Every structure is written in structure tokens, then in C-alpha cells.
Amino acid sequence: MRPQAEERRGGSGPVANQRATTVVVGDDHELYCRGLEVLLNNEDDVELVAEASSAAAVVAVVLAHRPDVVLLEMSIGGQSGIDACTAIKMSSPQTKVIFLTASERSEDLVKALMVGACGYLHKSLPAEQIVDAVRLAHRGEVVIPPPMARHLVAEYSRLASRATDAVAQRARTLSEREIEVLTWITQGKANREIAVSMAVSENTVKNHVRNIMVKLQVSSRTEAALHAVRENLVVST
């Protein structure tokens, strides 16, 4: 059995006067790792410095080598690649992380980007595209092939739709009186003015304002007013 973390060096070496892009591979698939080893070490400007077969091991070798790029599987050694990426970005912020994975789940793509990955590639990609992605990531580029980018757009659209539904649901919890108070707020009225217009006490208005802010999950009257206008919760006069 291959150890969890082991040194791998080889290839023809970097071009004269040019430092090779150093790479760590985090993957527990033996045959795929052997293919990556041959692929990366066949490039003059890329150097595979270590590989690991568990999330904990890949974090350890990154700390030891401070590589330019990590190629990481979404699930490695029964552990989370997302957790590994989080730890890598905290301990070695300059290291670029590319998820090289068999997962085509749009949720995984979004999670990867949220924890600091700069790329998301499927393992079925041609070898030259993987090497090019390593070079691009080292230069600070985001590497997401068009098919995966479409997944990303679809997932963000789904999340945005869910957020909009949540906003609408919160708005539906407002009472008629709270809607009336919110309407006055959007017109710039102070609590005392609202109290006079509604023929209630100022404390009653304050209670309504507090309830509105809680229900809309905002922290100020201004946010409540902007929220009301943006979501068409009140009728402009």
C-alpha cells in the first residue's frame, strides 16, 4: 500500500533560469496518481514534489513544501477535500488549490469556490488541459471549463431563487399594521410622526418597527425601507 504522503521528484527539470511550478497531488486513487506523476514530470516547467492519499496528509505535505499548486480530490481517503482546502488556504494562503475530481455536482463546485479553490476540473479532461490549468492557476487565473461554468451559473441561479423565496416568505409574516408602519418609514417619517398619523402611541410604533426589523432580518430603519422598496412590499405614493 502506498504511504499517505510520499516524496515524488523526477522529469527533465525546469527550463534554464526558470523555476518550475511546484505541485502537490491529493488523491487516494493509486492508478490515477501514477498517471498524474508521469504527466507532470514530463513537463519541463512543472515539478511534482509530493502526493498524499488522505486529507490530513495533504495538509501536512503542503505545510512541508509550500507548493504553488495543489491538485485535490473532493473526497480523499474517506475524508473531505473541502475541509482539506480550507486548512490549506489558512496555513498556506499563497498555494493555489484546484479540485481535480470525479464529482460533477454543482453543489460541490460552489463549495470548492467558497473555501478558496481557484479551479474545478473533472478527471475526464485531456492531460494537456490539466497541465495548462496548473500553469494558469499559478499565474492567478480561475480555471473552470465551460461545462462546469454552466453548472456554476445554474447553481447560483437556484440559490438566488431560494433566497428570493425566503425573502417573500418573511415579508408575508408582516401584519397589516406593520406594512402601514413600513410604508411611513419608506417616506422618511419619524416614529412620532407615524404615531400621530396612525393615532397610536409612539411606543406602539417603536414595537412595530422592532418587529419589522426582526421579521425582515435587517438591522436599521434604512435597511428596512430599502428592502421594502426593492421587494415591492409597499405602494409608493
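The values are calculated or read from the model by the stated rules, or taken from the named source; none is laboratory data. Only a predicted model underlies this, so the values are computations on that prediction, with no experimental measurement involved. So basically every Cβ, Gly included, is an ideal-geometry build from the backbone, and we count neighbours across all protein chains shown.
Filtered by the rule that a residue be loosely packed, with under 13 Cβ neighbours inside 10 Å and touching a residue at least 12 places away in the same chain (Cβ under 8 Å), region 193-228 gives a lone residue, Q217.
Being among the basic types (K, R) and closer than 19 Å to H65 by Cβ is the filter here; which residues of region 84-135 pass it? It would help to see each step written out before you state the result.
Narrowing region 84-135 to residues among the basic types (K, R): 89, 96, 105, 111, 123, 135.
Within region 84-135, K89, K96, R135 meet the criteria.
Only one residue in E180, E128 is assigned to a helix (DSSP H, G or I) and modelled with pLDDT under 90, so which one is that? Before the answer, list the steps.
On the way: E128 fails: modelled with pLDDT under 90.
Criteria check complete, one pass: E180.
For P146, the criteria (1) farther than 30 Å from E128 by Cα; (2) modelled with pLDDT under 85 hold in every case but one, which is (1).
For E141, the test of being outside any helix (DSSP H, G or I) and in contact with a His (Cβ under 7 Å, 6 or more places away or on another chain) is failed.
Got a number for residues in region 97-114 being under 11 Å from the mean Cα position of the chain (by Cα) and more than 11 Å from I144 (Cα to Cα)?
Count: 6.
A quick yes/no check of all residues on (1) within 17 Å of G140 (Cα to Cα); (2) polar (S, T, N, Q); (3) surrounded by fewer than 17 Cβ atoms within 10 Å (Cβ to Cβ):
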residue	(1), (2), (3)
A52	no, no, no
A64	no, no, yes
D68	yes, no, no
M74	no, no, no
G81	no, no, no
F99	yes, no, no
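Does D45 satisfy the criteria of being charged (D, E, K, R) and in contact with a His (Cβ under 7 Å, 6 or more places away or on another chain)? It is false that D45 is charged (D, E, K, R) and in contact with a His (Cβ under 7 Å, 6 or more places away or on another chain).
Table: residues versus (1) among the charged types (D, E, K, R); (2) in contact (Cβ under 8 Å) with a residue 40 or more places away in the chain.
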position: E43; (1), (2): yes, yes
position: L48; (1), (2): no, yes
position: E51; (1), (2): yes, yes
position: A57; (1), (2): no, yes
position: A60; (1), (2): no, yes
position: V70; (1), (2): no, yes
position: E73; (1), (2): yes, yes
position: I82; (1), (2): no, no
